[in-house]
Amino acid sequence: MSTHAQQQPSLAAFNPTAVIVCGCLIALIAFGVRSTMGLFNAPITEANGWGRETFGLAMALQNLIWGAAQPFAGAFADKFGTYRVIIAGAAIYAAGTALMVTADTGALMYLAGGLLMGLGIAMTSFSIIMAAFGRLVPPERRSWAFGIATAASSMGQFVFAPLGQAFISSFGWQTALYLLAGSILFMWLLVLPLRAAKGGVARDETELDMSIAEALSRAIRHPSFVLLTLGFFVCGFQVAFITVHFPPLLIEQGIAPQLAAWSIAIVGIFNVVGSYTSGIIGAKYSRRWSLTLLYLTRSVVMTAFFVLPITPLSVVVFSAAMGLLWLSTVPLTMGLVTVICGTRYMAMLYGIVFFSHQVGSFLGVWLGGRLYDQYGTYDVVWWLGVALGLFAAIMHWPIKEARAASFSVPEPAKA
Amino acid sequence: MQWPGHKLALGLFAAILLAAGLAMGATMLAGRASDDEAGTLLAVFPPSTRPNSVFGKIILAGGKPIRPTWVNGTWVVHGDEPGFAGRLKAQGAIGAYRNSPVLPQLAGCFAYVDAKTIEMFAIRP
């Protein structure tokens, strides 16, 4: 066991603006391309004469593999550096995307769209980028950096979805997939400024040196880390449920399809603003209290929307409010992981927290449909979402926003 | 070391939107129907045009209105006679397209743009 003196990368090692810009663009592409996959459902299914199940299962596998692989991808980034993981991840991601064109059997589709894409996303996603920022950016600017990375990811889905549709419309779905694969390979150039972000570059002197296994073992035994992981489950549940089930719910409530469509765009726009703002808030105020308040506000907003008459105005207000609260949990959660466990293994440890988020997302989508089929209404799952928001607020309340003793250099050793 | 701030964020996001807009514009132009085309098209009239007026203009162009879309002034139309796209433009349409990429969508860390939602809001001809 040894201690580390603070090691900030030298000025010559990288350009701060290039680090932020290129990191954000990688996050934007990684998140953007995957969000377009729903657009390929109909053309691929029709071209191969499949039912919807084959493509749906490939995408479900992709999400599962992304969530399960995220801690491992993070561990590789922590150990070998962000640069290498993104280079390999982009190759795998692009290969998976391009191979979908020739995947004419279910097994090939599960391999290309499920396994390869899932692995590729895990290795290039914003979790990896934020961990690199965490190591390169000084502590006082970290929260802002997490915020801009999350906002860039949010913008990725906002920008790539119509772009993917434009590609399909103009060039056909096969060429569209090749174009998307090409845009993924652009990450190879973008990753160059992040080469300085090798494991432990910006560790501070209070951070204890330990192995990956030791870090994992200490984290999962730390109450605050466990509470944070449980709380993030709720974020996944609420966001995934609303993404998939909100538009049909609005149509069912008699809202015009035109407004229902715009409500989605409103969530997307406000999501970018909310993600960025939460990074700024995390730098100035307690992340624990911010998250407690955020989940509480989600529950209040969801309750108000359902209790009050659903009108065009209430749809717009709800969409804007939920947009602000959408991915704004991410910079604050990542910030807490960094504060509690340090920066050395933050990519892996955030990967663990994120896996909980993905499990929540799966349940949000699945239970939304399951309970609707059972009761013929979204009421039950909506109130479940409200209750889970309160649960998350309670989970974040007791979190100790300070470096865990098990991750700190003991006092006598510091002297 | 001087770290960037809000100005960089603003500039970056503006540049991304601009680049995406240009890319979409270019691909939309590729999907624009030539004047002599016929068949099922997406006719785009100025958003301020009243639905009754759009309806009349489509008939005068020798076509049949199939359905309006959620974008004001944008209709899915059909005409069998060659030159239908050109006649729509002569009636005041901004353009006639074989398809349109305009589709607000949302995804999350888990969920994709949902197939049902796409069908609900699609404005494809």
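Every read-out reported here was derived from the displayed coordinates using simple, explicitly stated rules and does not represent laboratory data. All values reported here derive from a predicted model rather than from experimental measurement. A quick note on method: Cβ atoms are made from the backbone with ideal geometry, for glycine too, and the neighbour counts reach across all protein chains shown.
With a/c under 1.5 counting as rounded, go ahead and sort the range A:331-400 into rounded, prolate or oblate using the C-alpha gyration tensor (a ≥ b ≥ c being the square roots of the eigenvalues; past the cut-off, prolate if a/b is larger than b/c, else oblate).
Here the range A:331-400 falls in the oblate category.
Which part of the range A:85-113 falls in the paramagnetic zone of A:Phe171, meaning amide N under 16 Å from the point 7 Å along Cα-to-beta-carbon?
The answer is A:94-95, A:97-102, whose backbone nitrogens lie closer than 16 Å to the label point.
With charges only on Cβ, +1 for K and R and -1 for D and E, what is the dipole size of the protein assembly as shown about its Cα centre, in debye, rounded to 20?
860 debye
Given the -39500 (n - 2.57) contribution per DSSP H run of 4+ residues, what per-residue ellipticity at 222 nm results for chain A, rounded to the nearest 500 deg cm²/dmol?
Result for chain A: -25500 deg cm²/dmol, rounded to the nearest 500.
Take the Cα coordinates of the protein assembly as shown, assign each an equal point scatterer, and use the Debye formula without solvent to give log10 I(q)/I(0) at q = 0.12 Å⁻¹.
Taking Cα atoms of the protein assembly as shown as identical point scatterers yields -1.11.
Which of A:Met117, A:Ala151, A:Gly67 sits closest to the plus end of the dipole of chain A, meaning its Cα is farthest towards the positive end, when Lys and Arg get +1 and Asp and Glu get -1 on the C-beta?
A:Ala151
On a 0 to 90° scale, report how tilted helix A:312-325 is relative to the longest principal axis of chain A, with both axes built from alpha carbons and the result rounded to the nearest 10.
Around 20 degrees separate the two axes.
Where does helix A:379-396 land angle-wise versus the long Cα axis of chain A, in degrees 0 to 90, nearest 10?
Here the helix axis deviates by roughly 10 degrees.
For all pairs of alpha-carbon atoms in the range A:180-331, what percent lies in each bin of width 5 Å, listed from the first bin to the last filled one?
Per 5 Å bin, starting at zero, the Cα-Cα P(r) for the range A:180-331 comes out as 2, 7, 12, 15, 14, 14, 13, 10, 6, 4, 2, 0 percent.
Just tell me how shielded B:4-11 is by partners: mean number of partner chain Cβ atoms within 10 Å of each residue's Cβ, no decimals.
If you average over the peptide's residues, the count of other-chain Cβ atoms is 5.
For the residue pair A:Glu140 and A:Ala18, what label-to-label distance in nm results when each label sits 7 Å from Cα along the Cα-to-beta-carbon direction?
The modelled label-to-label distance comes out at 2.5 nm.
Calculate how steeply helix A:223-252 sits against the longest principal axis of the alpha-carbon atoms of chain A, using the helix alpha-carbon long axis, and give the answer as 0 to 90 degrees to the nearest 10.
The angle comes out at about 20 degrees.
Looking only at other chains, what is the average number of their beta-carbon atoms within 10 angstrom of each beta-carbon in A:153-161?
Partner Cβ neighbours, averaged per residue: 5.
Taking a ≥ b ≥ c as the square roots of the eigenvalues of the Cα gyration tensor of the range A:311-365, is the shape rounded (a/c under 1.5), prolate (a/b larger than b/c) or oblate?
The shape class here is oblate.
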